[in-house]
Amino acid sequence: MVMVNPMVNPIMFFNIAVNREPLGLTSFKLFADKFPKTAKNFPALSTGEKVFGYRISCFHRIILGFMCQSDDFTPHNGTGGKSIYVKKSDDKSFILRHTGPGILSMANTGRNTNGSQFFICTSKTEWLDGKHVVFAR
């Protein structure tokens, strides 16, 4: 995982593999101009800058036609994770919408419970608007 453009809205690259077999590289543009703390948290967890993070983690929840969810790196059962700031953080804003495939959004268990878990939408998911913070595409 590499951050290429540290300017306004950086681009992150992720290597995706299944059973250690590479599937390819995918990129995400972080909306740092709208969510600077989230845009700092995501790369810090991705690059191994912290003792904890996304390195060698998995998508623990995949729902065909909906989304792929990652990153519970604490108990590894879908209930954990934390940000670089605090264990759980508040919802920043719901100004961006779940408009289609490729949207990255914070996974949560209710208002103001964002940690490290995120999901990638594989379709338009407008019913998530106002519930999950979109922070990249």
Once label points are set 7 Å from the Cα along Cα→Cβ at both residue 40 and residue 19, what is their separation, rounded to one decimal in nm?
4.2
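By per-residue mean of other Cβ atoms within 10 Å, what is the highest-first order of 114-124, 59-69, 94-104, 13-23? Before the final figure, lay out the partial values.
Working: 114-124: 21.4, 59-69: 14.1, 94-104: 15.9, 13-23: 9.5.
Order by mean packing, descending: 114-124, 94-104, 59-69, 13-23.
How far, in nm, would the chain grow between residue 61 and residue 131 when pulled straight, counting 0.36 nm per residue and subtracting the alpha carbon separation?
Values: separation 70, 0.36 × 70 = 25.20 nm, distance 1.83 nm.
This chain segment gains 23.4 nm when fully extended.
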Hey, can you grab everything whose amide H is under 5 Å from the amide H of residue 136? Only 5+ residues off in sequence or another chain; H modelled, so Pro and N-termini drop out.
31, 104
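Values in this text are rule-based calculations from the coordinates and carry no lab data. Predicted model only: the values in this text are computed from it and were never measured. Glycine gets a Cβ as well: all are built from the backbone with ideal geometry, and neighbour counts include every protein chain shown.
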